[in-house]
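Notes follow the structure.
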């Protein structure tokens, strides 16, 4: 879930930039070696523990990770605007912030699975913990000031993405009724990419933000694309995002049927690749003057 856009006015100076390499988003960084080792060791330890314990994985568990996806994006926004304390800042760079938050989410999942007296409570605990961690991060971000135009266009993108995603999901279900097996995770994947596409389009067209991902930038900068109101040339980017997300959900149908735990978890990752950048976009728009 690498964030999509950079502010036209704010950016934090990274310690080790590797975003100039081909196909990597601008601003991609690596933290100092001690931080990198901490992240890798912690992530590896949690991954091994999860593999050994093998907690139940269902649609509700994957959906419970949604606040954690948003947390990673929100922390990176704090990094971009320079609001993270210096000792923690290296953990907020991209992509380091995402394995860092994934490790925290995995550890929370392990703890909830170990202490919960009812397996059905695990997703509730996981989602609640993520939401409680997210709330203060968002509060810190908006405490630095809110952009009226940024908040307005963020709201437009968020509201418009709901009917867009609903229409695409309904059309996908007509083409392949089997997508129902993916449940809320499949719907979240479509919604996340719809929100990412819409937020990127309005950010570039209405707010003057720049696209970080090279491949996305190519689509947004095609000269022969006719502009439309509000979205400008970004309507093609939105269309591509929706088409790719729909195709992936369609292809995951047999996988989820045969291996529901693995299929839903990987489909959740697909959803995160859309939802993470979308949340980053919306929050960055809101807090950037």
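The values are calculated or read from the model by the stated rules, or taken from the named source; none is laboratory data. This one's a predicted model, so the numbers in the text were calculated from it and none came from an experiment. Reconstructed Cβ throughout: ideal geometry from the backbone, glycine too, with neighbour counts over all protein chains shown.
In table form, for the structure just shown:
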item	result
Checking residue 119 against (1) in contact (Cβ under 8 Å) with a residue 60 or more places away in the chain; (2) touching a helix residue (DSSP H, G or I) at 6+ places or on another chain (Cβ under 7 Å); (3) surrounded by fewer than 18 Cβ atoms within 10 Å (Cβ to Cβ); (4) farther than 24 Å from residue 205 by Cβ, the condition it does not meet	(2)
Pair list, Cβ under 9 Å, 6 or more apart: the stretch 159-182 residue without any contact (Cβ under 8 Å) to a residue 24 or more places away in the chain, other residue surrounded by fewer than 14 Cβ atoms within 10 Å (Cβ to Cβ)	173/180
Hits in the stretch 55-104 - residues which are more than 28 Å from residue 288 (Cα to Cα) and assigned to a helix (DSSP H, G or I)	59, 60, 61, 62, 63, 103
Those residues of the stretch 1-35 which are modelled with pLDDT of 50 or more, loosely packed, with under 15 Cβ neighbours inside 10 Å and over 19 Å from the mean Cα position of the chain (by Cα), in sequence order	8, 15, 16, 18, 20, 21, 22, 32, 33, 34
Qualifying residue in the stretch 258-269 (condition: surrounded by 15 or more Cβ atoms within 10 Å (Cβ to Cβ), free of Cβ contacts under 8 Å to residues at least 12 places away in the same chain, more than 21 Å from residue 64 (Cβ to Cβ) and more than 17 Å from the chain's Cα centre (by Cα))	no
Subset of the stretch 200-221 [under 19 Å from the mean Cα position of the chain (by Cα), in contact (Cβ under 8 Å) with a residue 12 or more places away in the chain and surrounded by fewer than 19 Cβ atoms within 10 Å (Cβ to Cβ)]	210, 214, 215
Residue ID - nearest to the chain's Cα centre (by Cα), chosen from residues in the stretch 156-172 that are more than 13 Å from residue 198 (Cβ to Cβ) and crowded, with 18+ Cβ neighbours inside 10 Å	169
Filtered residues of the stretch 222-237 (kept if under 11 Å from residue 205 (Cβ atoms) and surrounded by 13 or more Cβ atoms within 10 Å (Cβ to Cβ))	228, 230, 231, 232, 233, 234, 235, 237
